[in-house]
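The block underneath contains the structure these notes are about, expressed in structure tokens.
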Amino acid sequence: MDGDQVKAWEALCIEEQPPACSAACPLHVDARAMAEKMAAGDFTGAIALYARVVPFPAIVAHICEHPCETVCRRAEAGGAVRIGALERALVEEAYPTVRRSAQRARKPKAVAVVGAGLAGLTAAFDLVMKGHAVTVFEADAQPLDRLHRDYRPAVLPPSAIEADVGALIKLGVDIRCRQRIGGDASLSLDALIADHDAVLMASGPGPASAFAATLRLNASGRIEVDRETRATSHPKVFASGLHDGSEEGWSAIGSAADGRRAAGSIDRFLQGASLTASRGGEAAGSCLYVEVGSHAAMPPVEAADPAAGYGHAEAIAEAARCFPCHCLECVKACPYLAHYKTYPKRAVREIYNNDSIIMGNRKSNRMIDSCALCGLCETLCPNDLAMGEVCLDARRSMVERGHMPASHHDFALRDMAFSRSDEVAFIRHQPGHDRSAVLFFPGCQLPASAPRQVEAVYRHLSERLPGGVGFMLDCCGAPAHWSGRLALHREVLDHLRTVWEEQGRPRVVTACSTCLKQIGEFLPDIPVASLWTELVAVGLPDVVAPRPVAGPLAIHDPCTGRHAHAVQAAVRSIAASLGAEVRELTGAEKTTCCGYGGLASFANPEVGNAFVDRRIEESDDDYLAYCAMCRDNFARRGKRALHLIDLVFPDADDPAARPDPGFSGRRDNRQRLRRRLLRDLWGESMSDPVPIPLVMTDAVRADIERKLLLIDDIAEVIAEAERTGRALKDRASGHLTASGRIGTVTTWVEYQPTDAGFVVHRAYGHRMQVEVKP
Amino acid sequence: MTGVSGGIPVPDLICARCDKPLEMRKVEASYLGQTFPVELPCCPSCGFVYVSEDLAYGRMLKVEQALEDK
Ligand code: SF4
Ligand code: SF4
Ligand code: SF4
Ligand SMILES: [Zn+2]
């Protein structure tokens, strides 16, 4: 995989963007995670998150100006989450649970902080947590003097200040009050610089002429400070942002963030690191996409006692109003992503890592092969990220280097090979014609599911279309494409083109939406149309008997026809003209895969079933599909479903009850269709093979299907055992057990010869080979 | 690789051709170019090796998948 392409894919997924609230918070409090914990009643966990970034939880929870609330996305659905009030409720309830311990620095440095305001003390906190020795020099009689003066006790109780300052002192910060620095004071800045490894000036704005000998001042006589790093002209001295007088207005949370930024620079300076390298900007925006419309409006919780703030239950209720903000539009809709409990940004990285591993286990092989390549994510994603492209690219890359387990796809590829073999595939001009204006290409799944109707379609098209309608039974190569086997795919395409040219380059009409897409995409010079648009053009067959439509039908479009608007319209108009009441599920654009797409159900049956089952839950109506695989998958999972062809060319009284033919039945249907058509339409002599009579219960049959074993293979194993006598015998039951290697699988059959035929009791398989050592 | 062995004794199974009860024998298992010895029930005279369904979808499948993802 190409690293740059992978980065581009990753960049499209914005799920890891911070939610608006934390992006707007100067300290980047993770209000989303905090609210989630609170909503779950975990106040201890929530305050731990809060106190991890907020140096003085008790103070800040009371006076923060909460810029987060101005941008909270909940505002669009009932009102912003009252994050400030939640924080206060947290502190009221869980403050005593806050635990902090400073790191032990290998080489502790001494730092002087001038000024015990919020900025200075935040810096002191950050630096003491990093293991440095911090001394704070304050000119006033007490730290945080301004807070005592500016806030009424009802807003900010003095006890909150005491608690936070007490905690800071406990961490080891030495706060010395009534200590003015500079001017005529006993302590000079130069002395501080001499005694400490770094100095932070955090005493607030104001003329700084006293320091003019040591620090460069700006035009207005204040300390010159670098906006980004808070560095001054003296390498050991830093100053909080307020010093240069350019800050518009004071805010509590802004001051704390200011101190933090300065402390960050001081720590870098003390470690000899760059002050600027990979430093986030101060005002980070967020482009996290949130589908606000899917949330019902809900007003904020009002505290019963506004002065006291939220009680426990009120806080939980308010916290639950946080959505929480996530994109995950694709994950919500895709059972594959949900199964792997991931989202594209993470998945792309994981897939790339799996692709690049040189030695060791590739843990994500199956995950890469489990995507249905259905394109739904791309349709839903605000940035059009197509996970299917990522997975297909990874498959190709891994297949090419021999790193993808062949077992994921070899059953499906064997089925494709069978469809392309002489046992199934054939091409003919219309009987009595030596050229074809049109070539009917039903695909391999409709002949496998509804062979009689394929014949009826062909007869109808031959009657209505002039110039000869040829018939071609073959495969479009989709399985090779989906499995990432480029060479095999190329081989199929080359074959199709050759045959098409030999036939005189006819216009192709296909009954399968996958064939339509494959031919359109990979053989663009072949003119191809859908059977459904063609039927609208030539008209439906005239029938006397009324068609079997009972009740409304919910229409399911195939994922490969997601963007085939003309086909979607034709299908709906055909169904309507036949008297069906058609209801929409998600609509065609947002349709889901039946699990066959991308060969998902072969690599991962659980994911494959999850696709169908989720779709089935959407409506109790019978489903109307126009892809044979979709229809058969619904049937297999117990959903009544019919194929549009069952309406146009009725063949059964209750087509929605038609069972899934299963893989063995599909092969059989294709073979029989070929023999019947060649015999009946082209008058060729065909001998029907004499089948080995097998008897099995439905349960055994379903078990064999689930294990991806074929009845043909089972019959072959039995025939071989009967011929050679090589089998095991169970003395108690008389059952015989035989095995045979077919392709890459050893198939075992437990059976019993009876008058009615061979009763198959069970079959199973494995890939590993076992032999007695020679 | 010892993970595959442990086919349980199968007292009732006999080789239909040789009419002999199966015995546990060391045999060679191989997959994706890797080979390793395992003990499985075999016919002592013709060497027919028996793999039970439990083994096939149990430990054998695990080993197959582990080798595939190597
Ligand atoms: S809804 Fe929640 S996550 Fe989203 S912005 Fe508001 S508080 Fe933050
Ligand atoms: S299965 Fe479909 S929706 Fe899910 S990731 Fe793959 S292409 Fe996207
Ligand atoms: S829809 Fe999915 S891929 Fe797109 S941004 Fe959202 S989470 Fe990421
Ligand atoms: Zn024997």
Under the 7 Å Cα-to-Cβ spin-label approximation, residue A:400 and residue A:686 lie apart by a distance in nanometres of 4.2
Using all C-alpha to C-alpha distances in the range A:553-660, build P(r) with 10 Å bins and read off the rounded percent in each one. 16, 51, 29, 4
Give the lysines reachable from residue B:20 as a straight Cα distance under 20 Å; neighbours fewer than 8 places away on the same chain don't count. A:729, A:773
Between rounded, prolate and oblate, where does the range A:609-684 land on the alpha carbon gyration tensor, with a ≥ b ≥ c its root eigenvalues, rounded for a/c under 1.5, else prolate if a/b exceeds b/c? prolate
So how many Å³ per residue does the convex hull of the Cα atoms of the protein assembly as shown work out to? 228
Mind checking B:16-23 for the average number of partner chain beta-carbons within 10 Å of each residue's beta-carbon? 3
Beyond 16 Å, what share of the Cα-Cα pairs of the range A:690-774 is found? Please give it as a whole percent. 51
Enter the mean number of other protein chain beta carbons within 10 Å of the beta carbon of each residue in B:47-57, as an integer. 6
Give the residue list of trypsin sites (Lys or Arg not before Pro) in the range A:406-515 that are DSSP loop and have at most 16 other beta-carbon atoms within 10 angstrom. A:435
Can you give me the Cα centroid spacing of the range A:665-713 and the range A:428-465 in angstrom? 21
Please go through the residue pairs A:107/A:170; A:7/A:130; A:707/B:62 and name each one whose alpha carbons sit more than 26 Å apart in this structure. A:7/A:130
About the Cα centre, charge dipole magnitude for the protein assembly as shown (Lys/Arg +1, Asp/Glu -1 at Cβ), debye: 1540
For the range A:135-268, state the average projected area of the convex hull of the C-alpha atoms over all orientations, rounded to one decimal in nm². 8.5
In terms of Cα to Cα distance under 22 Å, which lysines are near enough to residue A:37, apart from those fewer than 8 places away along the same chain? A:332, A:341
In bins 5 Å wide, starting from 0, what share of all Cα pairs of the range A:329-405 does each bin hold, as a percent? 3, 17, 30, 24, 15, 8, 3, 0
Mind putting together the pair-distance distribution for the range A:410-540? All Cα pairs, 10 Å bins, whole percent per bin, short to long. 13, 47, 33, 7, 0
Trypsin sites (Lys or Arg not before Pro) within the range A:322-352: which are DSSP loop residues with at most 11 other Cβ atoms inside 10 Å? A:341
Of A:745, A:508, A:57, which is farthest along the charge dipole of the protein assembly as shown in the positive direction, counting Lys and Arg as +1 and Asp and Glu as -1 at C-beta? A:745
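Taking both sides together, what accessible area is buried at the B/A interface, probe 1.4 Å, expressed in Å² and rounded to the nearest 100?
Values: alone 5070 and 34390 Å², together 36310 Å².
That pair of chains buries around 3200 Å² in total.
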Of all trypsin sites (Lys or Arg not before Pro) in the range A:29-102, which ones are in loop regions per DSSP and have a Cβ with at most 10 other Cβ atoms within 10 Å? A:99
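The values are calculated or read from the model by the stated rules, or taken from the named source; none is laboratory data. Computed from a predicted model, the values in this text were never measured in an experiment. Backbone-built Cβ (ideal geometry, glycine too); neighbour counts: all protein chains shown. Just so you know, the surface numbers come from the protein's heavy atoms only, side chains and all, with ligands and any DNA or RNA stripped out. Shrake-Rupley method; radii C 1.70, N 1.55, O 1.52, S 1.80 Å.
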